[in-house]
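Chemist: My questions all concern the structure below.
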Amino acid sequence: MHMDSTKHKKSVLPAVGLFFLAPLVAEFLLGNLPIKMLPALIVLAPMYGGGALLIRELVRRTGRGWPSIILLALAYGIVEEAFTTQSLFNPNYLLLNMHLLQPAYIPALRMGAWWTIFVLSLHTAWSISTPIALIEATVPDRADEPWLGRIGLGVIALLFALGVAATTLISYKHDHFVAPAGQFAGAAVVCVALAAAAFSLQPPAAPRSERTIPSPWIAGAFALAAASAVLLVNPRWGWWAAAAILAVEAALAACVLAWSRGTGWTLRHKLALAVGAALAYAWHAFIQHPMGGTTLAARIGNGVFAAGAVALIAFAVSRTRSRTPAPSLMPQ
């Protein structure tokens, strides 16, 4: 009985951690929301955390790996930005006059190429993938296993649905924009296609290549540089901005795919990639224009969240170091 209780606790703790870490990374570490808006986690955690946890559990329960997580993270981004906030289609999102769709505007789709690529990259890499990788590294012995049972999975699915509904209602309350049915239909088709592709991928095979792969330090530095480059791309470049983001992401993806086929690719390398992404958000928050409140208060909040990220990273690093190195499945 005691052993069952301990095992249950070891599963619940990382699940709860991911549930709250996802919105903290997505909105607060980014610097998009100030520290005074932490109570917004009541709505944000079910959507971001519920989405990240649901994706992670479905992938791990079916024995699939990181390619499936990435595809489902992209689908999540489309759900949020096409249906919940509608920022992919709204020419004046929340009446903020940010003109998000103007750079590299596509008249036929009534969408902006830069904003679409940029915001979906944020959700794919940071809102979902980075929190999953960070929390999995804190429990290295259970990194590839499901953490929830059927009941827990059902509860998370319900919380995610409630989070999406609540965020949608809040967005509509601030801005009554409703996209044309054709845009919703197109987004739904893409989401279904991404989900189908994610679960059509076969479980990863053991890496066979003896190729030399970089140390986790180098992999993390490369991820930090790539993530920072994406965040620094100037939307005023128009189509060049969209192309620049795609080029950086393609280069990073190609390197990671090549490295992950090596027998020396471990959980520490995956953690390093997440660390690079998290640190890019942390430093970039300090140069973002604060949303509400004074600049000083915003910078204090940035410092608090950056310090929290560093503390979590240090804990995750200590946990992965204590684990006996073993070859990892490609690319779990």
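Throughout, read-outs are computed from the coordinates displayed, never taken from laboratory work. Keep in mind it's a predicted model, so treat the numbers as computed, not measured. Reconstructed Cβ throughout: ideal geometry from the backbone, glycine too, with neighbour counts over all protein chains shown.
Chemist: How large is the dipole of the range 210-332 about the Cα centre if only Lys and Arg carry +1 and Asp and Glu carry -1, each at its Cβ, rounded to the nearest 20 debye? Working shown, then result.
Modeler: On the way: 9 positive and 2 negative charges, 56 e Å.
In total the dipole reaches around 280 debye.
Chemist: Further question on the same structure: Report, to the nearest 10°, how far helix 2-23 tilts away from the longest principal axis of the Cα atoms in the chain, using its own Cα long axis and a range of 0 to 90°.
Modeler: 30
Chemist: Using only Cα atoms and rounding to the nearest 10 degrees, what angle (0 to 90) does helix 267-284 make with the longest principal axis of the chain?
Modeler: Result, in degrees: 30.
Chemist: For the chain, set up a Gaussian network in which alpha carbons nearer than 10 Å are linked by springs, and say which option among Gly182, Gly301, Gly152 fluctuates the most.
Modeler: In this elastic network of the chain, the residue with the biggest mean-square fluctuation among Gly182, Gly301, Gly152 is Gly182.
Chemist: What size of dipole, in debye to the nearest 20, comes out for the chain about its Cα centre when the only charges are +1 on Lys and Arg C-beta atoms and -1 on Asp and Glu C-beta atoms?
Modeler: Values: 22 positive and 12 negative charges, 128 e Å.
Dipole of the chain, to the nearest 20 debye: 620 debye.
Chemist: Next question. Just to be sure I understand the model, the point goes 7 Å from the Cα along the line to the Cβ. What's the resulting His176 to Glu145 distance in nm?
Modeler: It is 5.4 nm.
Chemist: Using only the alpha-carbon atoms, how far is helix 150-174 inclined from the longest principal axis of the chain? Give it as 0 to 90 degrees, nearest 10.
Modeler: For helix 150-174, the angle is close to 20 degrees.
Chemist: While we're looking at this one, here's another question. Below 8 Å between Cα atoms, with a sequence gap of 6+, how large is the relative contact order for the chain in percent?
Modeler: Working: 484 pairs, mean separation 94.7, N = 332.
RCO, the chain: 29 percent.
Chemist: Measure of size requested: the Rg and Dmax of the range 2-322, with Cα atoms as the atom set and Å as the unit; please supply both.
Modeler: In Å, with Rg to one decimal and Dmax whole: 19.2, 62.
Chemist: Next question, about the same structure. Give me the three principal axis extents of the range 22-83 from the C-alpha atoms, as integers in angstrom, largest value leading.
Modeler: For the range 22-83, the Cα spread along each principal axis is 40, 22, 18 Å.
Chemist: Something else now. Set Lys and Arg Cβ to +1 and Asp and Glu Cβ to -1, take the dipole of the chain about its Cα centre, and tell me which of Cys255, Val79, Ile313 lies farthest positive.
Modeler: It is Ile313, whose Cα lies furthest towards the positive end.
Chemist: According to the square roots a ≥ b ≥ c of the eigenvalues of the Cα gyration tensor, what is the shape class of the range 97-171, taking rounded for a/c under 1.5, prolate for a/b larger than b/c otherwise, and oblate for the remainder? Numbers along the way, then the final one.
Modeler: Details: a/c = 3.45, a/b = 1.80, b/c = 1.92.
In terms of gyration-tensor shape, oblate.
Chemist: Report, as a whole number in µm² per second, the diffusion coefficient that Stokes-Einstein gives for the range 1-120 at 25 °C and 0.890 mPa s using the Kirkwood radius over alpha carbon pairs. Please list the in-between numbers first.
Modeler: Working: Rh = 16.4 Å.
It diffuses with D of about 149 µm²/s by this estimate.
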